[in-house]
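Q: This is the structure, below, for whatever I ask next.
The values are calculated or read from the model by the stated rules, or taken from the named source; none is laboratory data. All of these numbers come straight from a predicted model, not from anything done at the bench. Cβ coordinates were reconstructed from backbone atoms using ideal geometry, including for glycine residues, and neighbour counts include every protein chain displayed. Side chains are part of the model used for accessible areas, which takes the heavy atoms of the whole protein and leaves out ligands, DNA and RNA. Shrake-Rupley method; radii C 1.70, N 1.55, O 1.52, S 1.80 Å.
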Amino acid sequence: ALVVIASMPVGQKKVIKAKKIKEIKGQEVPTLSSKDGKGKGKSKVAALPEIVKRRNMNELKKTIKKNPLIQKKPRNYGIGQAIQPRRNVYRFVKWPKYVMLQRQKAILKKRLKVPPPINQFNECLDRATALQVFNLCNKYKSLTKQAKKAQLTHRAQKRAGGAPDAPKARQACLKAGIREVTSAIMQKKAQLVLIAHDVDPVEVVLFLPTLCRKMGVPYAIVKGKARLGRVVRRKTCTCLAFTTIKTEDKPRMAKIIQTVKTNFNERHEEIRRHWGGGIMGSKSLARVAKLDRVKAKELKIKLG
């Protein structure tokens, strides 16, 4: 088979028009990135998320068409207009009279200057020691009415059966109430006195700390007349006194007495000088601070 090779004649050159050259230059040459994706190929940088979000929102706005039948009706909350929205009116609550009085009393106690004999009832026994004291108190609780009745019934049944009467030794218990406690202190029988901090009127127990110091009896002011009341099975109790202590409880009592003496009996001079109250409200404090700033500014101007 014959193969015919067509070739251009020697000395003849191919002419490309200038228009075609411009078209070729204007075309973008596609570039391929490397296999790893880390090549130097040209690629577009991703837009920031905020910009993308904004674009999407704009597109959504364009697509949503407003219904001409639905019109905006803004509400007017003026007098006699639209119904008012629900608001929290807790601060406008009309509280019962006793709540108002106890709150006003608490604020007055903060604002007014309280003399030392009354202010000493604001300094109570610390929580850890108070817990030890009340645990010990619970050991000396008196019997309930039902328990007493059961005890006497059992004793009567024994006597009815012909057995001789054998009365038990009196159980060690606490002295409760202002009269009994005062009597125990005066006779020097009281080994430890507990006074409630919230007795009303305070004059009922006002003399007790001074009397205890004079007679050399350790005393402590504890939180809660109701808490003292629970120990002696009453609603409230102004004060309690330990008169007889069991042998097994004497080491515990000695530690408590030592703590109590350090905190109350031996701090008499400090307590006698310490006044209470005089705490101003937030508005008064702000007013005083403003005046101080003005005075400081004037002084600065004078000094130059």
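Q: Output the residues belonging to the stretch 88-104 that are at pLDDT below 90 and among the charged types (D, E, K, R).
A: The answer is ARG91, and nothing else.
Q: Search the stretch 182-201 for residues being touching a residue at least 24 places away in the same chain (Cβ under 8 Å) and assigned to a loop (DSSP other than H, G, I, E, B), and hand back the single one that is nearest to THR259 (Cα to Cα). Lay out the reasoning, then the answer.
A: Here is the first cut: in the stretch 182-201, the residues touching a residue at least 24 places away in the same chain (Cβ under 8 Å) are 182, 184-186, 188-199.
Retained after the next criterion (residues that are assigned to a loop (DSSP other than H, G, I, E, B)): 188-191, 197-199.
Working: LYS188: 20, LYS189: 20, ALA190: 17, GLN191: 14, HIS197: 18, ASP198: 22, VAL199: 23 Å.
Residue satisfying both the conditions and the ranking: GLN191.
Q: Next question, about the same structure. If the Cβ limit is 8 Å and pairs must be 6+ apart or interchain, which residue in the stretch 124-142 that is over 18 Å from TYR219 (Cβ atoms) and free of Cβ contacts under 8 Å to residues at least 40 places away in the same chain pairs with which residue that is open to solvent by 40 Å² or more (accessible area, probe 1.4 Å) and part of a loop (DSSP other than H, G, I, E, B)?
A: Close Cβ pairs satisfying both conditions: none exist.
Q: Could we say that ALA163 is open to solvent by 90 Å² or more (accessible area, probe 1.4 Å), of a type in the set (A, V, I, L, M) and assigned to a loop (DSSP other than H, G, I, E, B) here?
A: Details: open to solvent by 90 Å² or more (accessible area, probe 1.4 Å): no; of a type in the set (A, V, I, L, M): yes; assigned to a loop (DSSP other than H, G, I, E, B): yes.
No: the conditions fail for ALA163.
Q: Please work out which one of (1) open to solvent by less than 50 Å² (accessible area, probe 1.4 Å); (2) at pLDDT 90 or above; (3) hydroxyl-bearing (Ser, Thr, Tyr) is the condition SER142 fails and give its number.
A: (2)
Residue-by-condition table, conditions (1) in a strand (DSSP E or B); (2) open to solvent by less than 70 Å² (accessible area, probe 1.4 Å); (3) at pLDDT 90 or above; (4) touching a Gly at 6+ places or on another chain (Cβ under 7 Å):
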{"residue": "GLU203", "(1), (2), (3), (4)": "no, no, yes, no"}
{"residue": "LEU206", "(1), (2), (3), (4)": "no, yes, yes, no"}
{"residue": "PRO209", "(1), (2), (3), (4)": "no, yes, yes, no"}
{"residue": "CYS212", "(1), (2), (3), (4)": "no, yes, yes, no"}
{"residue": "VAL217", "(1), (2), (3), (4)": "no, yes, yes, no"}
{"residue": "THR262", "(1), (2), (3), (4)": "no, yes, yes, no"}
{"residue": "ILE271", "(1), (2), (3), (4)": "no, yes, no, no"}
{"residue": "LYS283", "(1), (2), (3), (4)": "no, no, yes, no"}
{"residue": "LYS297", "(1), (2), (3), (4)": "no, no, yes, no"}
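Q: Are any residues in the stretch 214-245 free of Cβ contacts under 8 Å to residues at least 60 places away in the same chain and either in contact with a strand residue (DSSP E or B) (Cβ under 8 Å, 6 or more places away or on another chain) or among the acidic types (Asp, Glu) (or both), and if so, which ones?
A: Restricting attention to the stretch 214-245, the residues satisfying the condition of being free of Cβ contacts under 8 Å to residues at least 60 places away in the same chain are 214-219, 224-226, 228-230, 234-236.
Scanning the stretch 214-245 gives VAL217, PRO218, TYR219, GLY224, LYS225, LEU228, ARG234, THR236.
Q: Can you name the residue in the stretch 247-260 that is open to solvent by 100 Å² or more (accessible area, probe 1.4 Å) and among the charged types (D, E, K, R) and is also farthest from LEU206 (Cα to Cα) among such residues?
A: First, the residues of the stretch 247-260 that are open to solvent by 100 Å² or more (accessible area, probe 1.4 Å): 247-248, 250, 255, 258.
If we keep only those that are among the charged types (D, E, K, R) as well, we get 248, 250, 255.
On the way: GLU248: 33, LYS250: 29, LYS255: 26 Å.
Once the filter is applied, the top-ranked residue is GLU248.
Q: Another question, then. For the stretch 241-252, does any single residue satisfy the condition of being of a type in the set (Lys, Arg) and in a helix (DSSP H, G or I)?
A: Yes, because at least one residue in the stretch 241-252 is of a type in the set (Lys, Arg) and in a helix (DSSP H, G or I).
Q: Among the numbered criteria (1) touching a residue at least 40 places away in the same chain (Cβ under 8 Å); (2) more than 28 Å from the chain's Cα centre (by Cα); (3) surrounded by 11 or more Cβ atoms within 10 Å (Cβ to Cβ), which one does ARG267 miss?
A: Of everything listed in (1) touching a residue at least 40 places away in the same chain (Cβ under 8 Å); (2) more than 28 Å from the chain's Cα centre (by Cα); (3) surrounded by 11 or more Cβ atoms within 10 Å (Cβ to Cβ), ARG267 misses just condition (1).
Q: Are any of the residues in the stretch 60-70 in a helix (DSSP H, G or I), among the polar types (S, T, N, Q) and loosely packed, with under 12 Cβ neighbours inside 10 Å? Don't jump to the end; show me each part of the working.
A: The initial filter retains those residues of the stretch 60-70 that are in a helix (DSSP H, G or I), namely 60-63.
Still in the list and also among the polar types (S, T, N, Q): 63.
If we keep only those that are loosely packed, with under 12 Cβ neighbours inside 10 Å too, we end up with 63.
So far as the stretch 60-70 goes, yes, one or more of its residues are in a helix (DSSP H, G or I), among the polar types (S, T, N, Q) and loosely packed, with under 12 Cβ neighbours inside 10 Å.
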